[in-house]
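Asker: Structure below; questions to follow.
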Amino acid sequence: MCIRDSTQGNSVIYDNGTNVGIGTTAPQTTLQILNPGSSTIGTTQIGTGYPSLDLVGVQISGVGYADISANAYHNGSSWAKRNSSYESWIVNQSVNTSNTGDWAIYHTNAGATPPGNRLFTITSSGNVGIGTSAPTQRLQVNGVIGLIPMLTVG
């Protein structure tokens, strides 16, 4: 089944009886949204302006990225903000050509350009970094750690 709504211009929603596709005539999952003008980027925005939530899948130079972002989006070549007056957050997973990838959390202050500062990293080998993008230990912190009231090891 194909549904066309004249108020949406050339938008087409496909329903094959099991899966629904927007931007694709052969949806592979329950809901698949693709950018029909690009084989390397798919973006879904929930909400408008700020706050908004973007779900992004993009491939750049053989590296794939899956992102969830607040007030930020990827246009296929760079990150941008929906509203530069507000901060933005990005949760990012990148997969390199070896099919391994890291998870990271970024924060960008109001007026700055995303992706901003990488605050937290989980590597594909399980190392966790706070304040570092390449932790070499199970937990690596770059900065001062405050422990209240005490630390017990053992």
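The values are calculated or read from the model by the stated rules, or taken from the named source; none is laboratory data. Quick caveat, the model's predicted, so the values are computed rather than measured. So basically every Cβ, Gly included, is an ideal-geometry build from the backbone, and we count neighbours across all protein chains shown.
Asker: Which residues, taken from the range 48-57, are at pLDDT below 70 and under 17 Å from Val91 (Cβ atoms)? Spell out the reasoning first.
Answerer: Our first condition is that a residue be at pLDDT below 70; within the range 48-57, this holds for 48-51.
Within the range 48-57, Pro51 is the sole residue that qualifies.
Asker: Ala26 versus (1) part of a helix (DSSP H, G or I); (2) at pLDDT 70 or above: which is the lone unmet condition?
Answerer: Going through the list (1) part of a helix (DSSP H, G or I); (2) at pLDDT 70 or above, Ala26 breaks only (1).
Asker: While we're on this one: Give me the residue from the range 85-107 that is small (Gly, Ala, Ser) and either within 10 Å of the chain's Cα centre (by Cα) or surrounded by fewer than 15 Cβ atoms within 10 Å (Cβ to Cβ) (or both) and, out of that set, modelled with the lowest pLDDT.
Answerer: Per the stated criteria, the residue is Ser98.
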